[in-house]
Amino acid sequence: MNAILHAQQLTKHYPGSIALDHVDFTANGGESIAIIGPSGSGKTTLLHCLAGILRPDAGAITLNTPSSPLRLDTLGDAGLSRLRREEFGFVFQQGMLLPELTALENVALALMLNGTDRNTSEARAAEWLGALGLAGMEQRRLGELSGGQVQRVAIARAQVTGARVVFADEPTGALDSATSAEVLNVLLRSVAANGRTLLVVTHDPNVAARCQRVVELRDGRIVSDSGSPVPAPNFPAQATQAAPATANFKGAFNV
Amino acid sequence: MSSLSMALRLTPYLARSNGSSFRETGLRDAGLPILAFGTVTALLLTVAGGSQVFWSWSDDIAGTYQALAVVAMVLLVIPLLTLGASAARLAARRRDDRLASLRLLGANSATVVWMTVIESTVLAAVGALAGAGLYACMAPFLGLIQFRGQAIGSHAWLSVPSILGCVLAVCVLAAASAALGLRKVVVTPLGVRTRQTADGAHWVRGLIAAVVVVVGVVAMGMLSSFGAFVVIIAVMGGCFGLALLALNLMGPWILRLRASSQLKRAKRPEQLLAARTVLESPKESWRQVGGVAMTSFVGVFVGVGMAVADTMGTGADAEATLLVRDINTGVMITLLGSFLMVACSAGVNQAAAVLDRASTLVALDRVGMPRKLMVAARVKAVMSPLFLVAGISAAAAAVLVLPLTGAALLTQPVVILTIGGVFAAGFLLVRLAVAAGTAQIGQVLARPERYASMDS
């Protein structure tokens, strides 16, 4: 397996508490990893640090990009922004989509931010929405969609750019159990079909059970990891295995 | 338990629960509405105090002053009431989410309406009393303004009952506006939280506005046939007032039309976001730029006033010279008041707009939208319709005064220059307010956890 994201001795403090306590973590290409743990265990903080949303107080985070390994902890705000829009995709509990945009525009915006023209962006977004079972709903605003449909839009947005790592924070937390299962199917199948790596923070044992690997955090430390222990990787100076960041939708999955 | 008594019990509870996060949200929640209500009240009292001077005169020329005072009052009071309503909506909107949640928990419509009305009225009362205090501090200085060759002095001071009446009027405005503004929450508790529908801005608004302007033009053309001086003043003031209200009615519809066309042509992310921001709520977008519509309208009158003063001043006798000087003083005061309103309205609305969209900004940041694009989208959403808005309202004002002045006076260089200067100053004020608002984007993104779980 190829390590795609590696964190070493990651430490993050909040006033009066330690959220991450010298955490070592490696995600491999194409893996689906559930990060579980009780509230306050540091799982969301770990996800946010790995995704370049939060800066760790100490430790190193390295992303294996096609050109060369990239140290996230040394990037400035602009560099992290670029990384998030080119390399990463996000699915949050509340979707974090824009309520004033249509479903199609929400997905297309991710591509437009990378410089793709609007027509191409919307065509590709429509392709993704169709593949995720939202054909005919492209022009609906988020308020006109159900919770499960909104999460499908978020799943499409997270992957339309060809993001190599998809981060999901309680993606089914606000859904009923039937819709949760449905959304989880869509997420896992689309991620697997397109060769993405998925990191999902969850409280839900059903979600964790569907992932290839489960990492448990407690008090800011990893207390168990169902995957084989992964040694600290030696990133090649010129990696070749990764898909291009603008890879198109492959559509090879059923929803 | 009655709805009112339940509202009286719940309101302080909700106000207290908000206290823990006051530092983060206090500016939007209480500070901005209080500031806006305070400014509205201080300006209203100043306008009322100034105009009462003219009504204390009874000699031959008093009628001319009174006619001009009515025009100035209408030009200032209508935008002031609009600003007041805007502040009231701001005060009410801050509670939308909580009130919607209360509705979901089973609070009935009446309780929610009462809570909103009570909160808005309390904020309005605090702001209005502060505004009255500000007026009291300014009154001695206002007394130094000269009309008819002498300082107006204590004639411009309002009596305590008048001041309290004005404070009460601001509170009533706030209460009524809050109750009306929350109709959607009361009818559909889920609607606010999920933002199910975009604000409408129907074409009927444009039709009504056009009819009002046409009726105004006809009435202005027939002014001399009304006979009695008081009727002429009333018709003139009514026409200007209705035209300003018509502009307020039509504005959101115009913005929606323009944004729809921009949405179709948008190629870049910031263009798409700017157009969608306007379409999401044309009424809110109008509040961002409506102040400039008002100053542009006033600017035409100021230009005409200055041209009239120029014409009269040539070879005039002592009384006419004094009148010319007073007209100039009057137009300057009107213009100053108008710009104060734009500054206040733009500042309040911009700050509120950024804070209201905090969750959207956090969402955009998460997907990697560069901050400069967020700023560009915000600037574009506000500045792009300004030219159109200013142009339409100046045109409406010009059409209305045309029957009185004729085309020759309207096209004098002093009129054109004045209107151009007013446009430029209005644009500058709004741009500064937008800059102040966008500066808050950094503060929002520095504490994303405060907003990340909000309504998007």
Considering only residues of the range B:335-375 that are more than 15 Å from the chain's Cα centre (by Cα) and among the hydroxyl-bearing types (Ser, Thr, Tyr), which is nearest to A:ALA110 (Cα to Cα)? B:THR360
Consider B:GLY420 carefully, then state whether it is within 30 Å of B:ALA309 (Cα to Cα) and either in contact with a helix residue (DSSP H, G or I) (Cβ under 9 Å, 6 or more places away or on another chain) or outside the structural domain of B:GLY290 (by TED's automatic domain parsing) (or both). yes
Scanning the range B:364-404 residue by residue, those crowded, with 19+ Cβ neighbours inside 10 Å and more than 24 Å from B:LYS283 (Cα to Cα) turn out to be B:ASP365, B:ARG366, B:VAL367, B:GLY368, B:MET369, B:ALA398, B:LEU400, B:VAL401
Of the conditions (1) in contact (Cβ under 8 Å) with a residue 40 or more places away in the chain; (2) in contact with a Gly (Cβ under 6 Å, 6 or more places away or on another chain), the single one that B:VAL324 does not satisfy is (1)
How many residues does the range B:256-269 contain that are within 11 Å of chain A (Cβ to nearest Cβ), part of a helix (DSSP H, G or I) and surrounded by fewer than 23 Cβ atoms within 10 Å (Cβ to Cβ)? 3
Please tell me if A:ALA174 is within 13 Å of the chain's Cα centre (by Cα) and either in contact (Cβ under 8 Å) with a residue 40 or more places away in the chain or crowded, with 24+ Cβ neighbours inside 10 Å (or both). no
With A:GLY30, A:GLY52 as the choices, which residue is touching a residue at least 60 places away in the same chain (Cβ under 8 Å) and either part of a strand (DSSP E or B) or touching a Ser or Thr at 6+ places or on another chain (Cβ under 9 Å) (or both)? A:GLY30
What number of residues in the range A:203-229 are modelled with pLDDT of 90 or more and part of a loop (DSSP other than H, G, I, E, B)? 4
Assuming A:GLN151 fulfils every condition listed in (1) over 22 Å from A:PRO205 (Cα atoms); (2) modelled with pLDDT of 90 or more apart from one, which condition is it? (1)
Please name all residue pairs, on different chains or six or more residues apart, with Cβ atoms under 8 Å, provided the first residue is in the range B:433-451 and is assigned by TED's automatic domain parsing to the domain that holds B:ALA353 and closer than 20 Å to A:LEU98 by Cα and the second residue is modelled with pLDDT under 85 and of a type in the set (Asp, Glu). B:ARG447/B:GLU24; B:ARG450/B:GLU24
Kindly provide the set of residues from the range B:121-136 that are closer than 21 Å to B:GLY153 by Cβ and of a type in the set (A, V, I, L, M), ordered by number. B:ALA132, B:LEU134, B:ALA136
Selection over the range B:146-163 where residues are crowded, with 17+ Cβ neighbours inside 10 Å, aliphatic (A, V, I, L, M) and more than 26 Å from the chain's Cα centre (by Cα) yields a count of 1
Which condition from (1) within 14 Å of chain B (Cβ to nearest Cβ); (2) among the hydroxyl-bearing types (Ser, Thr, Tyr); (3) under 30 Å from A:SER190 (Cα atoms) is the one that A:TYR14 breaks? (3)
Of all helices (runs of 4 or more DSSP H) fully inside the range B:1-118, the set with 1 or more residues that are modelled with pLDDT under 70 is B:3-17, B:22-26, B:62-93, B:96-105
Given the options B:VAL308, B:VAL278, B:VAL292, B:VAL298, name the one that is in contact (Cβ under 8 Å) with a residue 12 or more places away in the chain, buried (at least 24 other Cβ atoms within 10 Å of the Cβ) and more than 15 Å from B:PRO385 (Cβ to Cβ). B:VAL298
Report, ordered by the first and then the second residue, all pairs with beta carbons closer than 6 Å, sequence separation of six or more or different chains, a first member in the range B:158-179 that is farther than 14 Å from B:GLY38 by Cβ, and a second member that is among the β-branched types (Val, Ile, Thr) and assigned to a helix (DSSP H, G or I). B:ALA175/B:VAL117; B:ALA175/B:THR121; B:ALA178/B:THR116; B:ALA178/B:VAL117; B:ALA179/B:VAL113; B:ALA179/B:VAL117
Based on this model, can you work out whether A:LEU63 counts as surrounded by fewer than 18 Cβ atoms within 10 Å (Cβ to Cβ), touching a helix residue (DSSP H, G or I) at 6+ places or on another chain (Cβ under 7 Å) and more than 9 Å from every other protein chain (Cβ to nearest Cβ)? no
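The values are calculated or read from the model by the stated rules, or taken from the named source; none is laboratory data. Quick caveat, the model's predicted, so the values are computed rather than measured. Cβ: placed from backbone, ideal geometry, glycine included. Neighbour counts: every protein chain shown.
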